[in-house]
1. Tell me which of these residue 83 doesn't satisfy, since it passes every other one: (1) modelled with pLDDT under 90; (2) more than 30 Å from residue 178 (Cβ to Cβ); (3) out of contact with any Gly (no Cβ under 7 Å at 6 or more places or on another chain).
2. Taking segment 37-86, which residues are of a type in the set (Phe, Trp, Tyr) and farther than 15 Å from residue 222 by Cβ?
3. Report the residue count in segment 149-200 for those that are surrounded by fewer than 22 Cβ atoms within 10 Å (Cβ to Cβ) and among the small types (Gly, Ala, Ser).
4. Might you check whether a residue that is of a type in the set (S, T, N, Q), surrounded by 22 or more Cβ atoms within 10 Å (Cβ to Cβ), within 21 Å of the chain's Cα centre (by Cα) and over 17 Å from residue 196 (Cβ atoms) occurs anywhere in segment 51-65?
5. Condition check: among the hydrophobic types (A, V, I, L, M, F, W, C) and under 23 Å from residue 235 (Cα atoms). Does residue 60 satisfy that?
6. Restricting to segment 261-282, and then to whatever is of a type in the set (Ser, Thr, Tyr) and not in a loop (DSSP other than H, G, I, E, B), can you tell me which residue is modelled with the highest pLDDT?
7. Is it true that residue 250 is within 22 Å of the chain's Cα centre (by Cα) and without any contact (Cβ under 8 Å) to a residue 12 or more places away in the chain?
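The values are calculated or read from the model by the stated rules, or taken from the named source; none is laboratory data. Bear in mind the structure is a predicted one, so any value in this text is a computation, not a measurement. Positions of Cβ are generated from backbone atoms using ideal geometry, with glycine treated the same way; all protein chains shown enter the neighbour counts.
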Amino acid sequence: MRRRRICLILAILLALLSLIPAGIWLRLRNRMTEQTAAERWRGDNDARFGQVSCYLDESAALSPEAERSIRERIGTGLAGESEEAWTLSLCGFGEATVSGLNGESGARVIGTLGDYYQFHPVQMAGGAWYDQNDVNQDGVVLDMFLAWKLFGGYDLAGQTVHVNGVSAVITGVARLPEERLEQKAYGDTPTIWMSAGLMARLGMNVRITCVEAVLPDPVSHFAENQLKNAVGVGGESCDTVECTGRFSLQRSMQNLFQYNSRVMRTDSVSYPYWENAARAAESRCAILAAVTVALLLYPGLFLLYWFLRGLLEARRRIGESIRKRK
């Protein structure tokens with residue numbers, strides 16, 4: 001009896017202890033908002049959607065004009081679905097010199113096409129995100145590093161900034177990432193976002209190396225295959241990532257057993273900061289999932305033992321009852 005009580009107490013303690021890594025795992029998953037575009041897009045819809053990202057190396061980078069052909073191929077692959085049923089974002093990266101009231105600074109440039117903000121719902125310290133469909137395409141968003149360096153503040157909507165000597169209008173200031181993994185991946189490089197059209201007007205060579213989509217995903221990997229076919233780049237020049245469910249228990253355990261192949265890279269694809277953060281989060285979630293499962297192993301076996309013992313006891317009593325009636 002005493003031994004049974006000790007085993008029960010141990011099972012309860014281990015089950016309670018498992019709540020710690022499980023809680024950290026769920027918190028981390030919920031904070032990676034750039035990996036949950038499919039959930040936001042679906043809303044109250046019961047249909048299944050998948051978020052997929054395609055990263056290209058510089059040798060396979062696309063021009064902004066490729067957006068049209070990608071949309072056409074997706075539309076063909078999703079025959080019968082209107083374009084309102086899915087969304088697409090493309091972006092490229094560059095560098096520029098940005099000047100304001102307090103001087104100038106070098107900055108990382110992220111040029112966007114399509115519905116970038118749906119995939120990257122950046123929190124704003126002031127103002128709002130620029131309108132991708134604005135006719136003038138002169139709106140830009142600064143991050144807090146750049147805003148403070150050039151203006152000493154964050155309430156800058158409507159002010160003018162010069163990018164490579166060309167004037168642009170600040171529509172807002174983006175907050176810095178709050179999650180520690182995202183902070184580390186983001187770094188301390190001042191950043192400015194603008195449309196790919198404005199990027200081209202500034203004389204920058206716009207090279208699209210990131211394509212993201214939320215597509216109907218009625219069966220596993222359907223959305224992933226649709227985006228692969230639409231982008232049309234294969235081999236080691238393209239790395240396609242299925243973002244939906246990437247922090248689930250199943251994917252976390254898969255990542256744990258594929259750890260070596262995940263950390264070794266044999267291609268030349270460079271990830272943007274949000275994907276680097278997501279991959280670091282995947283590794284952390286894999287460890288947390290393994291610890292959670294390990295802590296729950298003994299309580300699970302304990303419950304299974306007593307469940308089976310109860311069944312055998314019930315079977316024995318039923319057998320005795322039948323024999324007595326005879």
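1. For residue 83, the failing item is (3).
2. Once the filter is applied, which keeps residues that are of a type in the set (Phe, Trp, Tyr) and farther than 15 Å from residue 222 by Cβ, segment 37-86 yields 41, 55.
3. Going through segment 149-200 one residue at a time, the tally reaches 10.
4. Our first condition is that a residue be of a type in the set (S, T, N, Q); within segment 51-65, this holds for 51, 53, 59, 63.
So of that shortlist, the ones also surrounded by 22 or more Cβ atoms within 10 Å (Cβ to Cβ) come out as 51, 53.
Still in the list and also within 21 Å of the chain's Cα centre (by Cα): 51, 53.
With over 17 Å from residue 196 (Cβ atoms) added as a condition, the list becomes 51, 53.
Looking through segment 51-65, at least one residue is of a type in the set (S, T, N, Q), surrounded by 22 or more Cβ atoms within 10 Å (Cβ to Cβ), within 21 Å of the chain's Cα centre (by Cα) and over 17 Å from residue 196 (Cβ atoms).
5. yes
6. 273
7. Answer is yes for this residue.
Matching residues to (1) farther than 26 Å from residue 177 by Cα; (2) over 30 Å from the mean Cα position of the chain (by Cα):
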residue: 272; (1), (2): no, no
residue: 284; (1), (2): no, no
residue: 287; (1), (2): no, no
residue: 292; (1), (2): yes, no
residue: 295; (1), (2): yes, no
residue: 301; (1), (2): yes, yes
residue: 311; (1), (2): yes, yes
residue: 316; (1), (2): yes, yes
residue: 323; (1), (2): yes, yes
